[in-house]
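The values are calculated or read from the model by the stated rules, or taken from the named source; none is laboratory data. Since the structure is predicted, the reported quantities are computational estimates derived from the model, not experimental observations. Methodologically, a virtual Cβ is constructed for each residue, glycine included, from the backbone with ideal geometry; neighbour enumeration extends over all protein chains shown.
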Amino acid sequence: MSIKALLNQRIADAMQAAGIPSPCSPMLALSGKPQFGDYQANGAMGAAKQLKTNPRELAQKILDNLDLDGIADKLEIAGPGFINITLNNDFLAQQLGTDIDHRSADPQTIVVDYSSPNLAKEMHVGHLRSTIIGDSLARLLEYQGHNVIRQNHMGDWGTQFGMLIAELELHLGEGEQADLALNDLEKFYQQSKKHFDADPEFADKARAYVVKLQSGDQHCRNLWQKFIDVSVAHNLEIYQQLNVGLAAQHIAPESSYNHDLDNVLAALVEQGLAVDSEGAKVVFLGELADKNGDPSPMIVQKSGGGFLYATSDLACLRHRVGTLQADRILYFIDARQSLHMKQVFITGRKASFVAPDISLEHHAFGTMMGPDGKPFKTRAGGTVKLADLLVEAVERAEKLVSEKNPDLSSEEIAVIARKVGIGAIKYADLSKTRTNDYIFDWDAMLSFEGNTSPYLQYAYTRIRSIFRKAQVDAEGFSAPVKLTEPQEKVLAFKLTQFNEVLNQVAQDCYPHSICTYLYELASAFMSFYEQCPVLKDGVDSATQHSRLQLCAQSANTIAQGLDLLGIEVMEKM
Ligand code: ARG
């Protein structure tokens, strides 16, 4: 059991013994002012309000019934009725030694929908956030022992594909190979768009091709498949470079729900949820009415018979619930699709596609901005290709690493630069509050100081070098910990909080809490290392072993935390 869980239990018992009704909770939190204690319990105030009594007196009553012998050294009532708790050093040291199970007591089947780019174009920076935030949650939930099903809901079925296959037909007609024609997907898209806008005959053909494709025409289907294969291969390569755990088997694109769209529509019509409106079929949602009371419309079939993004998402929802048996479904999609997701969730529940106990969660995020505070663009104002951004990250890291450590071989530099460059981009994003916009800043993210990936990777290498110097194997190292110096205590206390942070992030899906934690941990380690000599002459062997143990646990926790963010560590940098 974590320290927090233990304290919670003991305080809840004491509250009960003090005659406080059970819905009142201890309201335990890390102390805002560490000089007054490690944790604080704020539950006496709320309980006193309910019982109409004096909160300080009630806090005293709780203390009278609270047994934290051997756990806390000091219990103090402060202010209007906070209880400050200072942990006992030996207890803390002993907690460090006990292997706390990081697996969830209630393993679930969790579908994580992330990355999900449209295949018509090359991946650009707009896909970065979903890809890396979703991946970190998938990693964390997997680490906690949940059955994680990654789903890449790629867009491969929209109207643009008519235009693209008409263009591809043109190229192949001139004897060009598909691979070559599609070598630059971005250019290919621009070309086809130009044809579409300038040539009415081409445009008509493109429109006819979408309909043919969606109704199963073999010729269109073949051309489409050629295009999709190239585009998917490109994306899989990006995932690999990004160290993101998405592979071919996770792709469940829009087209895979095509066969079920008629059934979805029929179910909605039968239940009276979808109704005729100007030739289209529309679901009107009073739950999302605007301020005039007009219900929010969601079109599920166009007047020409075509289905929409929303229709596929409803079919997809049925698949995730019925076939994948999800308990929880997480969507990592841009905040601009919030209304769409709300419409899909509400309709899915009203149509009984989703049972009430299944959790549907849209975890939205803000936009990545350029230094000018506007959405990130190239100098010329175009979208930045993700592939180019990653190349630049590695190049910048290479320069940095070779300046910092000229003794490294060029092979070593190449490996390190990839980990540092890619890690920097990912961490810069993950460390910001998910729902906010943020400014993309090369210098800040690649800095070796502050809350950055290079800082943490560097802290890791420093700890590992201590073990190399001591000629001790860090992996298998285990020694009893004795906490005497204040910096040792701060570090040990931080180490015990890792699982609590992970549990919180597994619930709220805000990975920046992991980053904040790791940064504080690394900072606590640095102060400890400055104040508490480890390998110096004159340090007795018990102290040395205790400190090496703190070092080992710090390194392992940093590496584990970064791994959950999809960031790699190295021995040297
Ligand atoms: N392909 C969509 C886009 O690029 C994102 C899909 C997200 N997932 C979903 N189930 N709607 O905007």
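Being among the β-branched types (Val, Ile, Thr), closer than 19 Å to Lys385 by Cα, within 16 Å of the ligand (Cβ to nearest atom) and under 34 Å from the mean Cα position of the chain (by Cα) is a description that does not apply to Val264.
Can you tell me which residue among Glu287, Glu270 is in contact (Cβ under 8 Å) with a residue 12 or more places away in the chain and more than 14 Å from the ligand (Cβ to nearest atom)? Talk me through it step by step, then tell me what you get.
Numbers: Glu270 fails: in contact (Cβ under 8 Å) with a residue 12 or more places away in the chain.
Residue meeting the stated conditions: Glu287.
Scoring Ala280 on the criteria (1) surrounded by 14 or more Cβ atoms within 10 Å (Cβ to Cβ); (2) within 16 Å of the ligand (Cβ to nearest atom) leaves a single failure, condition (2).
I'm trying to understand the selection: among the residues of region 213-239, which are under 30 Å from Ile422 (Cβ atoms) and either β-branched (Val, Ile, Thr) or touching a Cys at 6+ places or on another chain (Cβ under 7 Å) (or both)? Spell out the reasoning first.
Of all residues in region 213-239, those under 30 Å from Ile422 (Cβ atoms) come to 227-239.
If the condition is that a residue be under 30 Å from Ile422 (Cβ atoms) and either β-branched (Val, Ile, Thr) or touching a Cys at 6+ places or on another chain (Cβ under 7 Å) (or both), then Ile228, Val230, Val232, Ile238 are the ones that fit.
Enumerate the helices (runs of 4 or more DSSP H) found wholly within region 443-508, keeping only those where 3 or more residues are surrounded by fewer than 18 Cβ atoms within 10 Å (Cβ to Cβ).
Details: elements: 453-470, 486-496, 498-508.
Output list reads 453-470, 498-508.
Beta carbons closer than 6 Å, at least 6 apart along the sequence or on distinct chains, pair a first residue in region 298-317 that is under 13 Å from Tyr331 (Cβ atoms) with a second that is in a helix (DSSP H, G or I) and modelled with pLDDT of 95 or more for Asp313/Val344; Cys316/Tyr257; Leu317/Gly348.
Would you please name the residue that is nearest to Gln549 (Cα to Cα), looking only at residues in region 76-122 that are aromatic (Phe, Trp, Tyr) and away from the ligand (no atom under 16 Å from the Cβ)? Outline the logic, then answer.
Here is the first cut: in region 76-122, the residues aromatic (Phe, Trp, Tyr) are 82, 91, 114.
Right, trim to away from the ligand (no atom under 16 Å from the Cβ) and you get 82, 91.
Values: Phe82: 34, Phe91: 16 Å.
So the residue we want is Phe91.
Asp294 meets the stated requirement of being closer than 30 Å to Arg349 by Cα and surrounded by fewer than 19 Cβ atoms within 10 Å (Cβ to Cβ).
Got a sec? Which of Asp179, Asp204 is outside any strand (DSSP E or B), under 19 Å from Ala387 (Cα atoms) and away from the ligand (no atom under 16 Å from the Cβ)?
Values: Asp204 fails: under 19 Å from Ala387 (Cα atoms).
Exactly one residue qualifies, and that residue is Asp179.
Considering Pro200, Pro253, the condition of being under 31 Å from the mean Cα position of the chain (by Cα) and over 30 Å from Lys419 (Cβ atoms) is satisfied by Pro253 alone. Sub-7 Å Cβ pairs linking a first residue in region 59-79 that is closer than 23 Å to Pro21 by Cα to a second residue that is surrounded by fewer than 15 Cβ atoms within 10 Å (Cβ to Cβ), at least 6 apart or interchain, are Asn65/Ala17, ordered by first then second residue. Being touching a residue at least 40 places away in the same chain (Cβ under 8 Å) and within 24 Å of the chain's Cα centre (by Cα): is that true of Thr347 here? Here the answer is no, as Thr347 does not meet what is asked. Across region 422-435, a minimum of one residue is classified as surrounded by fewer than 19 Cβ atoms within 10 Å (Cβ to Cβ), under 28 Å from the mean Cα position of the chain (by Cα) and modelled with pLDDT of 95 or more.
Can you name the condition, by its number, that Tyr438 falls short on among (1) closer than 21 Å to Leu128 by Cβ; (2) at pLDDT 95 or above? Just one mismatch for Tyr438, condition (2).
When restricted to residues that are touching a Lys or Arg at 6+ places or on another chain (Cβ under 9 Å), surrounded by fewer than 20 Cβ atoms within 10 Å (Cβ to Cβ) and of a type outside the set (D, E, K, R), region 305-350 contains 1. When Asn292 is tested against the conditions (1) free of Cβ contacts under 8 Å to residues at least 12 places away in the same chain; (2) more than 30 Å from Asp429 (Cα to Cα); (3) within 14 Å of the ligand (Cβ to nearest atom), the lone failure is (3).
Being crowded, with 19+ Cβ neighbours inside 10 Å, farther than 21 Å from Gly126 by Cβ and β-branched (Val, Ile, Thr): is that true of Ile416 here?
Working: crowded, with 19+ Cβ neighbours inside 10 Å: yes; farther than 21 Å from Gly126 by Cβ: yes; β-branched (Val, Ile, Thr): yes.
The answer is yes for Ile416.
Looking at Leu30, is it surrounded by fewer than 16 Cβ atoms within 10 Å (Cβ to Cβ) and within 33 Å of the chain's Cα centre (by Cα)? Here the answer is yes, as Leu30 does meet what is asked. Of everything in region 331-347 that is in a helix (DSSP H, G or I) and under 18 Å from Ile110 (Cα atoms), the residue that is farthest from the ligand (Cβ to nearest atom) is Phe345. Within region 351-397, the set of residues being away from the ligand (no atom under 16 Å from the Cβ), modelled with pLDDT of 95 or more and surrounded by fewer than 16 Cβ atoms within 10 Å (Cβ to Cβ) comprises Ser352, Ala355, Pro356, Asp357, Val391, Glu392, Glu395.
Residues to consider are Tyr257, Tyr239; find the one that is touching a His at 6+ places or on another chain (Cβ under 8 Å) and either surrounded by fewer than 18 Cβ atoms within 10 Å (Cβ to Cβ) or closer than 23 Å to Gln151 by Cα (or both).
The unique qualifying residue is Tyr257.
Going by the structure shown, is Asp69 touching a Ser or Thr at 6+ places or on another chain (Cβ under 8 Å) and either at negative phi or within 16 Å of the ligand (Cβ to nearest atom) (or both)? Considered against the rule, which asks whether it is touching a Ser or Thr at 6+ places or on another chain (Cβ under 8 Å) and either at negative phi or within 16 Å of the ligand (Cβ to nearest atom) (or both), Asp69 comes out as no. Checking each residue in region 123-165 for being part of a loop (DSSP other than H, G, I, E, B), away from the ligand (no atom under 12 Å from the Cβ) and of a type outside the set (Val, Ile, Thr) picks out Gln144, Gly145, His146. Test of understanding: among Phe36, Phe91, which residue is of a type in the set (A, V, I, L, M, F, W, C) and either modelled with pLDDT of 95 or more or exposed (fewer than 14 other Cβ atoms within 10 Å of the Cβ) (or both)? When all the criteria are applied, what remains is Phe91.
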